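**Student:** Before I ask anything, let me first share the structure, which is written out below as structure tokens.
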């Protein structure tokens with residue numbers, strides 16, 4: 001088994017023995033963000049992901065940065081992931097790629113996000129440039145890959161995670177859509193293989209939809225360091241409420257109360 005790097009972010013250990021629960025914010029306007037902050041404070045997840053691509057003002061860079069500053073202030077205790085998901089991998093908005101990547105760079109420079117998520121499908125030069133920019137600012141980078149139609153072959157999933165690692169990711173992520181129970185087994189097997197044979201960084205893996213829910217609970221057994229739980233709204237198919245997810249993880253760790 002390879003040695004996995006861990007990260008300490010605002011008191012949370014990414015890549016430790018227990019998987020962290022991340023809750024998404026999918027507010028559709030800046031005016032909705034204060035309520036979203038209140039909901040996160042009540043849920044008390046381990047991390048928060050702001051899916052900025054849901055925001056109506058997403059093409060207004062200064063407005064996005066102002067909203068991010070507000071989130072940072074309201075969620076000071078929580079590691080914060082900034083994500084502006086590309087539309088072809090499930091993003092809620094379609095914005096010019098140059099503008100989207102420029103925004104991610106501005107977020108990195110702002111210092112208001114602890115982590116940024118950038119897709120593996122990003123043009124390699126631009127991706128490497130953003131990774132280098134993030135490392136210079138001590139911002140962690142999740143390099144991610146999403147397939148909302150199918151589950152690739154096991155070997156292909158491993159190869160995608162290896163590629164994310166080779167490009168300089170601090171965390172490698174893959175999310176796939178199952179069409180049968182065997183697809184979920186393949187995702188978990190790919191996670192185990194990557195974790196035990198190749199990984200030097202934490203992994204985030206999940207099989208989406210109701211069929212894939214088991215991967216969100218048991219993924220850590222196979223090597224996934226972060227799982228997603230929903231609050232008022234989910235950011236991807238198959239997310240279950242944070243409280244229920246936490247209880248399930250406690251059961252798997254043998255910590256359920258009698």
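**Student:** Counting just the residues of segment 36-49 that are without any contact (Cβ under 8 Å) to a residue 60 or more places away in the chain and touching a helix residue (DSSP H, G or I) at 6+ places or on another chain (Cβ under 7 Å), which one comes out surrounded by the fewest Cβ atoms within 10 Å (Cβ to Cβ)?
**Tutor:** Only one residue fits best here, namely 37.
**Student:** Here's a follow-up. Restricting attention to segment 1-17, and to residues there that are under 18 Å from residue 219 (Cα atoms) and free of Cβ contacts under 8 Å to residues at least 60 places away in the same chain, which single residue is surrounded by the fewest Cβ atoms within 10 Å (Cβ to Cβ)?
**Tutor:** Here the answer is 17.
**Student:** Considering (1) in contact with a strand residue (DSSP E or B) (Cβ under 9 Å, 6 or more places away or on another chain); (2) under 23 Å from residue 85 (Cβ atoms), say which one residue 13 fails and leave the rest.
**Tutor:** (2)
**Student:** If you don't mind, there's one more thing I want to ask. What are the residues in segment 8-19 that are on the phi < 0 side of the Ramachandran plot and modelled with pLDDT of 95 or more, if any?
**Tutor:** Matches in segment 8-19: 8, 9, 12, 13, 14.
**Student:** Filter segment 18-35 down to residues that are out of contact with any helix residue (DSSP H, G or I) (no Cβ under 8 Å at 6 or more places or on another chain) and touching a residue at least 12 places away in the same chain (Cβ under 8 Å) and give me whichever is surrounded by the most Cβ atoms within 10 Å (Cβ to Cβ).
**Tutor:** Filtering segment 18-35 for residues that are out of contact with any helix residue (DSSP H, G or I) (no Cβ under 8 Å at 6 or more places or on another chain) and touching a residue at least 12 places away in the same chain (Cβ under 8 Å), the one surrounded by the most Cβ atoms within 10 Å (Cβ to Cβ) comes out as 24.
The values are calculated or read from the model by the stated rules, or taken from the named source; none is laboratory data. As the structure is a computational prediction, the values presented were derived from the model and not from experiment. Neighbour counts are summed over all protein chains in view; Cβ atoms, including those assigned to glycine, are modelled from backbone coordinates with ideal geometry.
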